[in-house]
Amino acid sequence: MSEKIVKFDEYAIDFGRFQLLCRDSAVKMEGRPMQLLMLLVQRSGELITREEIADYLWGKDVFVDVEQSINTAI
């Protein structure tokens with residue numbers, strides 16, 4: 001996955017560099033929103049539950065306010 005690049009419209013996600021590009025220019029994003037975007041792109045067309053998102057972003061052993069934290073990441 002280190003060389004994986006997914007393009008959509010004028011955007012591209014470079015998974016290896018953990019970077020979102022718009023017309024070849026880097027778009028500033030914080031870590032959690034970028035991780036969430038990458039998850040959604042990887043699972044395009046699938047229904048992803050909030051529990052799956054929380055497990056992906058924080059793991060099963062971390063206790064956070066899932067609802068608010070996911071809303072903030074979005």
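The values are calculated or read from the model by the stated rules, or taken from the named source; none is laboratory data. If you're wondering where the values come from, they're calculated on a predicted model, not measured in any experiment. Heads up, the Cβs are rebuilt from the backbone with ideal geometry, glycines too, and the neighbour counts pull from every protein chain shown. What goes into the accessible areas is simple: the full protein's heavy atoms, side chains included, and nothing from ligands, DNA or RNA. Shrake-Rupley method; radii C 1.70, N 1.55, O 1.52, S 1.80 Å.
Things to note:
- The residues of region 4-38 that are open to solvent by 90 Å² or more (accessible area, probe 1.4 Å), not acidic (Asp, Glu) and not in a strand (DSSP E or B), listed by number, are Arg17, Phe18, Arg23, Lys28, Arg32.
- Close contacts from region 53-73, counting a first residue that is at pLDDT 85 or above and a second that is of a type outside the set (A, V, I, L, M) and in a helix (DSSP H, G or I), with Cβ to Cβ under 6 Å and a gap of 6+ residues or different chains, come to Leu57/Arg32; Leu57/Gln35.
- The sole residue among Glu46, Glu67 that is open to solvent by 70 Å² or more (accessible area, probe 1.4 Å) and in a helix (DSSP H, G or I) is Glu67.
- Hits in region 54-64 (condition: farther than 23 Å from Lys7 by Cβ and either under 15 Å from the mean Cα position of the chain (by Cα) or surrounded by 10 or more Cβ atoms within 10 Å (Cβ to Cβ) (or both)): Ala54, Asp55, Leu57, Trp58, Gly59, Val62, Val64
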